[in-house]
Protein chains: 2
Amino acid sequence: MTPGTPFLCVDLQRLLANLDRTAAWSAEHGLALRPHAKTHKSPALGRLQLERGAVGLTVATVGEAELFADHGVTDVFIAYPLWLDAARATRVARLADRVRLTFGVDSIESAQQSGRLLRGVPVGVLVEVDSGQHRTGVAPHEVHRVAGAALDAGLSLDGIFTFPGHSYGPGAGGPVAADEARALGHAASTLALAGHRALVVSGGSTPSLAATHSEALTEVRPGVYVFGDAQQWELGTCSPEEIALTCCATVVSRSGGRFVVDAGSKILGADRPAWASGFGRLLDLPDARVVHLSEHHAVVERSGTPPPPLGDRVRLVPNHVCSAVNLVDTLYVQGDADLETWQVAARGRNS
Amino acid sequence: MTPGTPFLCVDLQRLLANLDRTAAWSAEHGLALRPHAKTHKSPALGRLQLERGAVGLTVATVGEAELFADHGVTDVFIAYPLWLDAARATRVARLADRVRLTFGVDSIESAQQSGRLLRGVPVGVLVEVDSGQHRTGVAPHEVHRVAGAALDAGLSLDGIFTFPGHSYGPGAGGPVAADEARALGHAASTLALAGHRALVVSGGSTPSLAATHSEALTEVRPGVYVFGDAQQWELGTCSPEEIALTCCATVVSRSGGRFVVDAGSKILGADRPAWASGFGRLLDLPDARVVHLSEHHAVVERSGTPPPPLGDRVRLVPNHVCSAVNLVDTLYVQGDADLETWQVAARGRNS
């Protein structure tokens, strides 16, 4: 049975095509694929990625790692500079008993603290490198200090990673992939000069993926590629025909050429980068824009065309699909047969 | 036991003071108070509002109404221009058997459709008036057309309502309260000329509340006043000492004078109006700003002061508290004694 609007709907054919395409691309380029599961938070989808050759999953939090471990995933990288206190260290240690676990460090202090609290725990760390986003991570020429502190603290050093998040901007994919390669290359040399080796050199983001300098990396961690979203559409990273997740919504109000649908920021998310043309797009009305978004209203403008009738259903494309998925417990999956449901089992696992 | 960061924490003393202050203000001004429960989505908090004289609750969706009805609330207004299909009409009819139920209409078509599908159901409607936000609602001089259609369709007409949402801007509270009074007054006269009476004339928003023209309204529906948030702080609607909900987060990374805490848009929400000074504030560091927000990172700048040590806990104030609360299942409530937990039981009830 079709649920009441608004709900998030997955086009299974498109999703599988997206998974296959990126799996094939990674294999061709000799890169391990470790998709970021924060995008979908769904064990059913993680399984499809692993079946297609993904070496493991990436997550952002210990809670997400626990959830995917509960669902049988055996290799998890927490791509985040964790700060461990005693309680979180206990959780990490329990996880490391069940799965092959790695996590990020980006300071001498966090390496030392982690080493102290995880003595004897079979866990690896990757040092985070800042490749230009200037969020977290150390400068490439300082990576050996953190790596050294980690080794001195008794941790196992698996390698280095970066998130080239400044790829989220018009025309940024190519230049940022070059930044990523330069930063990781510099960091790997810095490590080598200090006598350490990075087995894993991990990067990747959906907007920069196609431009990745594959010789500089061993692994990529894209997330959004599974569904696509309005940001990727506007960046040219995916075509509208590749977008595999939409929010099904009902037209509830109309006036002055604009119309309002019953999906707002509480199902689409409120992400709205300065370069985006609005708060989301409509898959079947590419000239329409969500010009105003409140919690349960998306106000849509479409120049020169009368608005659709009240009661019509439309398919909205969220700006940032990770945020939208994290607002629901269930994804409705449309394949050949009836609607199937997938649980967003890691929704809200922020800690 | 204190949970791992990030988590949302309620200061019970401040919350109760906020509830008491607005209850007293409403009583003094002769206005019924029907708080919008979309802000907290928590039966425990709704109960505190009703105990302090609220005449009922406001919600945004049928799902929220069902949830509060399940928890014993007996009078619910769905302040939304519902478009009913057969399935939603069945849910509305079942609800109307359990509670005193009213909902919004803002078109002749929706009034007719609702009347057709709810024949004999004891439910009242309020016609939504556009007081200047230009989102939903009809112009004041057209309200009688929708009211007439509702009555012709066999619905019971309870009155009119508006949401003066354009109050969310610097200095807008006073002028927008005047817009609200003018629009509702005009709409009530239009109705009277057509021979109809509005028993309920409902308005109110947290930023415009203090400036409400109480003679023009019978009821107010503020939501955010229970907690306050960074938007209200920056609009001057609440002081930092009145903010009753914060996100407790840990400093995980530092560089270049900035620091990063482990709370991002997946617990704070991504709301960021153009007039806001950032993506959120820090309650104890009023000169700090969240300058960049990703899903699990808030990047904080604070000029001229060294960043706090790694591992320190800070209290973030979300820009828009309704969005933050809707991202968690549990609120941690700090009163005199131990941490209590409240369930955000209506979280995600978008439909």
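The values are calculated or read from the model by the stated rules, or taken from the named source; none is laboratory data. Note that the structure is predicted; figures quoted are calculated from it, not measured. In this analysis, Cβ positions are derived from the backbone assuming ideal geometry, glycine residues included, and neighbour counts consider all displayed protein chains. Side chains are part of the model used for accessible areas, which takes the heavy atoms of the whole protein and leaves out ligands, DNA and RNA. Shrake-Rupley method; radii C 1.70, N 1.55, O 1.52, S 1.80 Å.
Among the residues making up region B:276-327, those that are within 11 Å of chain A (Cβ to nearest Cβ), without any contact (Cβ under 8 Å) to a residue 60 or more places away in the chain and in a strand (DSSP E or B) are B:VAL291, B:HIS292, B:LEU293, B:ALA298, B:VAL299. Taken over region A:252-269, residues that are crowded, with 23+ Cβ neighbours inside 10 Å, part of a strand (DSSP E or B) and small (Gly, Ala, Ser) amount to 1. Within this structure, B:GLU109 fails the test of being within 14 Å of another protein chain (Cβ to nearest Cβ), in a strand (DSSP E or B), out of contact with any Cys (no Cβ under 6 Å at 6 or more places or on another chain) and not polar (S, T, N, Q).
Flag not set for A:GLY185, criterion: at positive phi, open to solvent by 10 Å² or more (accessible area, probe 1.4 Å) and of a type outside the set (S, T, N, Q). Select from region A:36-48 the residues that are within 15 Å of the chain's Cα centre (by Cα) and within 15 Å of A:ALA69 (Cα to Cα) and write down the one among them that is surrounded by the fewest Cβ atoms within 10 Å (Cβ to Cβ). Checking each candidate, the answer is A:PRO43. If you go through region A:215-250 and keep only what is crowded, with 24+ Cβ neighbours inside 10 Å, of a type in the set (Gly, Ala, Ser) and out of contact with any helix residue (DSSP H, G or I) (no Cβ under 7 Å at 6 or more places or on another chain), you end up with A:ALA230, A:ALA249. Taken over region B:53-105, the criterion of being within 27 Å of B:GLU28 (Cα to Cα) and either assigned to a helix (DSSP H, G or I) or open to solvent by 60 Å² or more (accessible area, probe 1.4 Å) (or both) is satisfied by B:VAL55, B:THR74, B:ARG100.
Among the residues of region A:3-23, at least one is touching a Leu at 6+ places or on another chain (Cβ under 9 Å), surrounded by fewer than 17 Cβ atoms within 10 Å (Cβ to Cβ) and within 14 Å of another protein chain (Cβ to nearest Cβ).
Checking each residue in region B:161-190 for being under 18 Å from the mean Cα position of the chain (by Cα) and either among the aliphatic types (A, V, I, L, M) or modelled with pLDDT under 95 (or both) picks out B:ALA172, B:VAL176, B:ALA177.
If you check B:ALA346, B:ALA249, B:ALA337 for being more than 10 Å from every other protein chain (Cβ to nearest Cβ), in contact with an Asp or Glu (Cβ under 6 Å, 6 or more places away or on another chain) and over 16 Å from B:GLN231 (Cβ atoms), only one passes: B:ALA346. Going by the conditions given, is B:THR190 in a loop (DSSP other than H, G, I, E, B) and of a type outside the set (Phe, Trp, Tyr)? No; evaluated as a whole, the condition is false for this residue.
When the residues of region B:291-347 are narrowed to those that are among the acidic types (Asp, Glu) and over 25 Å from the mean Cα position of the chain (by Cα), which ends up least open to solvent (accessible area, probe 1.4 Å)? Ranking the candidates gives B:ASP312 first. Of all residues in region A:270-284, those satisfying the criterion of being open to solvent by less than 30 Å² (accessible area, probe 1.4 Å) and either touching a strand residue (DSSP E or B) at 6+ places or on another chain (Cβ under 7 Å) or of a type in the set (Lys, Arg) (or both) are A:ALA270, A:GLY278, A:GLY280, A:ARG281, A:LEU282, A:LEU283.
Residue pairs whose Cβ atoms lie under 7 Å apart, sitting 6 or more positions apart in sequence or on different chains, and linking a residue in region A:174-192 that is under 18 Å from A:ASP158 (Cβ atoms) to a partner that is assigned to a helix (DSSP H, G or I) and open to solvent by less than 10 Å² (accessible area, probe 1.4 Å), are A:ALA187/A:VAL143; A:THR190/A:VAL143; A:LEU191/A:VAL143; A:LEU191/A:ALA147. Looking across region B:328-351, just one residue is outside any loop (DSSP other than H, G, I, E, B) and charged (D, E, K, R), and that is B:GLU340.
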